[in-house]
2 protein chains.
Amino acid sequence: MATIRELARQCGVSVATVSRVFNNPEVVNPDTRKNVLDTAARIGYLPNESARTLATKKSHMVGLVWDTHHRRPGWRHPFLQEILIGLKTALSDRGYHLLMLATSDGEGSHDRAVRRHDLDGVVFIDDGTEDPALLRLAASGVPCVSLDRPVTGPRATHVISDNAGGARAAVHHLHGRGRRAIATIAGPGRTAPGAERLAGYRAALAELGLPARDGYVAEGDFYLAGGHAAMRRLLELDERPDAVFVAGDEMAIGAIRAVTEAGLKVPEDVAVVGFDDIELAALVQPGLTTVAQDKAGFGTAAAAALVAMIDDPAAAPPPPSVLPTTLVVRGTT
Amino acid sequence: MATIRELARQCGVSVATVSRVFNNPEVVNPDTRKNVLDTAARIGYLPNESARTLATKKSHMVGLVWDTHHRRPGWRHPFLQEILIGLKTALSDRGYHLLMLATSDGEGSHDRAVRRHDLDGVVFIDDGTEDPALLRLAASGVPCVSLDRPVTGPRATHVISDNAGGARAAVHHLHGRGRRAIATIAGPGRTAPGAERLAGYRAALAELGLPARDGYVAEGDFYLAGGHAAMRRLLELDERPDAVFVAGDEMAIGAIRAVTEAGLKVPEDVAVVGFDDIELAALVQPGLTTVAQDKAGFGTAAAAALVAMIDDPAAAPPPPSVLPTTLVVRGTT
DNA sequence: CTGAAAGCGCTTACAG
DNA sequence: CTGAAAGCGCTTACAG
């Protein structure tokens, strides 16, 4: 592979000049610039990234921490693919690559990988665990953006859906459909989406003057089986709910199954609203009414926040992005 | 950050010795080795990857080419997440990170990124397009493994499901259920899975002595809407099929919808077998009988092939991995 | 078993 | 606008 030295030789200039052509083009004479560019294209010169990183401490790579799955086996994100597309696209438009950080590597932990590779920033996808390496990272001053979970750090911010708002909209919708005995199947309280959606549910009840009955809150785990089990508990109540706001679509589908198995009908006997708007929501019969998240928005917002921090090391971290949600009404309400 | 020089100073040895401790430990005196390791841990020394890569030309990173989605908008993999988990885990166990290669970056194309970053290998996830940059890459001698698509190159191999075998099993299963008018909804002929599953279907018909009727082959696009449209065409045939092998689960779900909309029943009037065994297959009602692919197997097989090529630059590429499939019988047959 | 030295391919003050 | 030189943090023959 041609090196900068070789290119410089062929152009009859110094390596410094070649370097400037690529990094600071406006400072070099237009003619020599053109000459360098042309012969670079001709001989197939490509700057070596390791050498650049070594010299500048900028790797043009952003780490992605996802799935500490040795700890939470089977953990899945409901729309990881959409997030990755959004992230990758937005990042690459700005010249950054995404490095998927391994969890079980010999480097020990994520913060080590970040230092070893001179990563310019990192994005976490929350898996609901408290990873000390992640907290160290956020505290270390490396630009960090966390998805679905607040973080604090000198250069850390997060992007999250308007979970409470979405939950409120769901409950108001149910109320508008004439339902008054509205229960909820919540996500795990240790996750921000779980906690915030539950808070939104409660706020909506208060706004609507509906009583907050203890038994009407069943906690699930965001998975189908959890939703199924939670719904069964709800159906055994003396005052059976006539509607349920479920904090995740997978759980909602499990819940619907439980309703059907009990010989009841959705939405006639029990109306159901989910959260997420996963692909499946439109495919089940009847279609699932749900609170749609801006899936691609996670990636683009994260990339924008990251790049802002990287570009201006002195700036305060951007405020958290709160992505609006949209109620999508289908057949279950 | 502590550098090797600083660590060497603190240990009273040369940087060469420190380097050996990390790269060739058996060659250094046990006592000095221990000393180096201990003080490295104490002062938090971490070897800088860019410097290592610059010196050795090994980056310990593998590129992932996925989603040239500016060209095929909306393209999705039915089980990308499972593949990524398998890949990442297997690779990281061997000390490699995964770099997601951007498509729209300033580097132009994938083969450039590979050279710039000294990537040790690359894995492609087929999107059904012919990317010249990918062909160049495979031809260049960089270790390559392609998923779901044959490639040729001095150090290239691929991993693919036993598509024909799976298709045959599906048709034989339908035949065993007493069906004799068995149609198929095929994937795009330009993709290997599309072509091979169709070939398997035809082979099975021949084995069973069933006629191969022209109208019984409808081509879809692997997506729901395509399966729906294809099924409608099949239902309009004079000799309506009583069974259909659909080359992908999403299409199968679309096909089932078309059957239902036509006032017919699955499986009574038309039995359906899909391919993939996506999560959804177990969730629809009735459950979709389908040919399951070894989803995690893609990642682990790819990682193994890649590492084998990386570890032995002189070796011939490993033969293609053909992953066995499994028929999962549920309610649609 | 260990050290001195060259080299990997860039960038960036510093002079001019 | 351009060049000479130092430096980024490692690895690896080559001697000893």
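The values are calculated or read from the model by the stated rules, or taken from the named source; none is laboratory data. These numbers were taken from a predicted model, which means no experiment stands behind them. Note that we place each Cβ from the backbone using ideal geometry, even for glycine, and neighbour counts take in every protein chain shown.
Could you go through the range B:193-203 and let me know if any residue there is aromatic (Phe, Trp, Tyr), part of a helix (DSSP H, G or I) and crowded, with 22+ Cβ neighbours inside 10 Å. Within the range B:193-203, one or more residues are aromatic (Phe, Trp, Tyr), part of a helix (DSSP H, G or I) and crowded, with 22+ Cβ neighbours inside 10 Å.
Residue count for the range B:112-136 satisfying the condition of being assigned to a helix (DSSP H, G or I), more than 8 Å from chain A (Cβ to nearest Cβ) and either under 22 Å from A:Ile85 (Cβ atoms) or modelled with pLDDT of 90 or more (or both): 3. Evaluated against (1) among the hydrophobic types (A, V, I, L, M, F, W, C); (2) touching a residue at least 40 places away in the same chain (Cβ under 8 Å); (3) within 14 Å of another protein chain (Cβ to nearest Cβ), A:Met231 falls short on exactly one condition, (3). Scoring A:Thr289 on the criteria (1) surrounded by fewer than 20 Cβ atoms within 10 Å (Cβ to Cβ); (2) farther than 28 Å from A:Asp120 by Cα leaves a single failure, condition (1).
Table: residues versus (1) without any contact (Cβ under 8 Å) to a residue 40 or more places away in the chain; (2) of a type in the set (Gly, Ala, Ser); (3) over 19 Å from B:Leu54 (Cα atoms).
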| site | (1), (2), (3) |
| --- | --- |
| A:Leu7 | yes, no, no |
| A:Gln10 | yes, no, yes |
| A:Ser14 | yes, yes, yes |
| A:Arg20 | yes, no, yes |
| A:Glu26 | yes, no, yes |
| A:Asn35 | yes, no, yes |
| A:Thr39 | yes, no, yes |
| A:Pro47 | no, no, no |
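Restricting the range A:23-40 to residues that are assigned to a helix (DSSP H, G or I) and within 8 Å of DNA strand D (Cβ to nearest atom) leaves a set whose member that is nearest to B:Lys57 (Cα to Cα) is A:Arg33. Taking first residues from the range A:313-325 that are within 26 Å of A:Phe275 (Cβ to Cβ) and partners that are acidic (Asp, Glu), the Cβ contacts under 9 Å between residues at least 6 apart in sequence or on separate chains come to A:Val322/A:Asp162; A:Leu323/A:Asp162; A:Leu323/A:Asp294; A:Pro324/A:Asp162; A:Pro324/A:Asp294; A:Thr325/A:Asp162; A:Thr325/A:Asp277; A:Thr325/A:Asp294. Among the residues making up the range B:1-59, those that are of a type in the set (Ser, Thr, Tyr) and either within 9 Å of DNA strand C (Cβ to nearest atom) or touching a Leu at 6+ places or on another chain (Cβ under 8 Å) (or both) are B:Ser14, B:Thr17, B:Ser19, B:Thr32, B:Thr39, B:Tyr45, B:Ser50, B:Thr53, B:Thr56, B:Ser59.
Just the residues that are more than 8 Å from DNA strand D (Cβ to nearest atom) and part of a helix (DSSP H, G or I), please, taken from the range B:7-16. Can you show your working first?
Just the residues of the range B:7-16 that are more than 8 Å from DNA strand D (Cβ to nearest atom), to begin with: B:8-13.
B:Ala8, B:Arg9, B:Gln10, B:Cys11 - these are the residues of the range B:7-16 that are more than 8 Å from DNA strand D (Cβ to nearest atom) and part of a helix (DSSP H, G or I).
Evaluate the range B:236-259: report whether one residue or more is of a type in the set (Lys, Arg), at pLDDT 95 or above and at negative phi. Yes, the range B:236-259 has at least one match.
Yes/no per residue for (1) part of a loop (DSSP other than H, G, I, E, B); (2) within 13 Å of chain A (Cβ to nearest Cβ); (3) surrounded by fewer than 16 Cβ atoms within 10 Å (Cβ to Cβ); (4) not aliphatic (A, V, I, L, M):
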site	(1), (2), (3), (4)
B:Val21	no, no, no, no
B:Arg42	no, no, yes, yes
B:Arg52	no, yes, no, yes
B:Ser59	yes, yes, no, yes
